[in-house]
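So the structure is just underneath, and the comments pick up after that.
Read-outs: derived from the displayed coordinates by stated rules, not from any lab. Quantities reported herein were computed from a predicted structural model and do not represent experimental measurements. Don't worry about glycine lacking a Cβ; one is built from the backbone with ideal geometry, like all the others, and counts go over all protein chains shown.
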């Protein structure tokens, strides 16, 4: 229990730092942290709803809460969506990896440990893409957001694939997981495609 609380505290701090660091050159720090706290409030609301009304749906309720919080911050402070979404994604990935790691330790779950490794690998892929995406000839827009959309899409694509065979991984919603994650992956890759076609 204490280990989980500690991991969540570290995850929150990492999220706040990364979310701020990714956007600090474009927006005032006060507005960035305001949006970050909207996101955290949304995650908290999602966690409460999952605990009270939707047991087992915490990943999806918290994801929805985070997106609602981000949307509120974007509307209030006039942030650019794709930049802020990318900051949200790479900011939340370390927190998600810690949740998988703590579960793998507390419940001796090999599946949670594999999920932890996958999320860490996706973070590594993000940093590679973030350095090189402007050099991709087919990504003609060169706009920020490609890396975040790509790793988020890959995460949900992997969730959909794994859920088809191993539906009892933590954060999975049994028979619904493959469908929900598949839809999320499709939407994210569609956004990536549309972003690539936009002019710089």
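Expressed in Å, the radius of gyration and Dmax of the Cα atoms of the stretch 114-164 are 12.3, 35. Length available on full extension from residue 198 to residue 54: 0.36 nm per residue minus the Cα-Cα distance, which gives 47.9 nm. Considering only 179, 32, 151, the mean-square fluctuation computed in a Gaussian network model of the chain, springs between alpha carbons under 10 angstrom, is largest for 179. Taking all Cα pairs closer than 8 Å and separated by 6 or more residues, the relative contact order of the chain comes to 20 percent.
Computing Rg/Rh (Cα atoms, Kirkwood Rh) for the structure here picks out one of (1) 0.96; (2) 1.00; (3) 0.98, namely (1). With respect to the chain, whose longest principal axis is taken over its alpha-carbon atoms, helix 174-197 is tilted by about 10°. With respect to the chain, whose longest principal axis is taken over its alpha-carbon atoms, helix 110-132 is tilted by about 10°.
Judged by the ratio a/c of the largest to the smallest principal axis of the C-alpha gyration tensor, the stretch 53-140 counts as oblate, that ratio being 1.5 or greater while a/b is no larger than b/c. Spin-label pair residue 12-residue 30: with each label point 7 Å from Cα along the Cα-Cβ axis, the two points sit 2.3 nm from one another.
Between helix 81-106 and the chain there is an angle of about 20 degrees, using the helix long axis and the longest principal axis of the Cα atoms. For the stretch 1-98, taking the reciprocal of the average inverse distance between every pair of different Cα atoms yields a Kirkwood hydrodynamic radius of 13.5 Å.
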